[in-house]
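Trainee: Here it is: the structure, laid out below.
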Amino acid sequence: MKKTKNKVLSVNSLSIRRSERWLFRNLNFELQSGQIIQVVGHNGCGKTSLLRTLCGLLLPAEGDYIWQGEDEYTPAYPMFIGHLTAVKPELSVFENLSLHPLAENFASEEAIIKAIAEVNLGNYMDTPARYLSAGQTRRVGLARLLLSTSSCWVLDEPFTALDVQGCRWLEGKIDEFINQGGAVLLTSHQPVTLRNSLDILDLDDLNSSKSNKDKVA
């Protein structure tokens, strides 16, 4: 039986500016459960700013957005993984995950150990993050996805610094999450190969249309 899709995110006439320059204006789109949208566009068009705005880290200049939970009275809280890993170099791999709350919740020790093993860092559990490679540090950040209970992942360049094996692993996790009814909004300069269909939101199209209600395709 096919799962019913629910609206997770609604973006309405959203506009973002930096200083005196508009990155984009009048952005409209919706994200549903079981859907993955990749935001694309030229460098500097506002991809990262869009994701950070939708996660409450930046304020929009115009418009609004609504994260929707299982019903109209329950908000959804996205899990954001930024271009920067948010991994503290002085803390160990385990400490970075145990001291980082997810939606104000702390994961259990058992869950953290399991997540560390899955990202192939079991031998580095007590190693300070400063001694990790860029790819290993990225894996620490991505391990938070395994500990999150959020129904939506917002991922800004999540494949950065990962080797081929790491990219395939992450693609598999995204597919698994989508199949379970999750929703994903991401950016990536690398090709993304998924079993699920990938919808595209091209911010460059905003320059050629006053309204883009149907721009996700």
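Trainee: Which parts of the range 45-67 would a label at residue 202 reach, counting a residue when its backbone N lies under 20 Å from a point 7 Å out along Cα-to-Cβ?
Mentor: Within reach of a label on residue 202: 45-51.
Trainee: Using 7 Å Cα-to-Cβ label points, what is the residue 21/residue 130 separation (nm, one decimal)?
Mentor: Here the modelled spin labels are 3.5 nm apart.
Trainee: Rounded to the nearest 0.05, what FRET efficiency do residue 61 and residue 40 have when you use their Cβ-Cβ distance and R0 = 25 Å? Walk me through the numbers on the way to the answer.
Mentor: On the way: r = 22 Å, r/R0 = 0.87.
Approximately 0.70, to the nearest 0.05.
Trainee: Here is a follow-up. Of 5/114; 7/88; 47/173; 7/114, which pairs sit farther than 27 Å apart, going by alpha carbon to alpha carbon?
Mentor: Values: 5/114 30 Å; 7/88 35 Å; 47/173 22 Å; 7/114 31 Å.
Distance filter (> 27 Å) returns 5/114; 7/88; 7/114.
Trainee: I've got another one for you. For the chain, what log10 I(q)/I(0) values come out of the Debye formula at q = 0.09, 0.11, 0.13 1/Å, with one point per alpha carbon and no solvent?
Mentor: -0.37, -0.55, -0.77
Trainee: Could you please report the charge total around residue 156, scoring K, R as +1 and D, E as -1 over all other residues with beta-carbon less than 9 angstrom from its beta-carbon?
Mentor: Working: positive: 47, 52; negative: 157.
Every neighbour counted, the sum reads +1.
Trainee: Then there is this: Could you give the length gained by full extension between residue 190 and residue 83, i.e. 0.36 nm per residue of separation minus their alpha carbon distance, to one decimal place?
Mentor: Full extension from residue 190 to residue 83 adds 37.2 nm.
Trainee: Just check the range 66-192 against the gyration tensor rule for me: Cα atoms, a ≥ b ≥ c as the square roots of the eigenvalues, rounded for a/c under 1.5, and otherwise prolate or oblate depending on whether a/b exceeds b/c.
Mentor: oblate
Bear in mind that the values in this text are calculations on the coordinates, not laboratory data. Fair warning: this is a prediction, and the values are worked out from it, not measured in the lab. Here the Cβ is made from the backbone with ideal geometry for all residues, glycine too, and neighbour counts use every protein chain on show.
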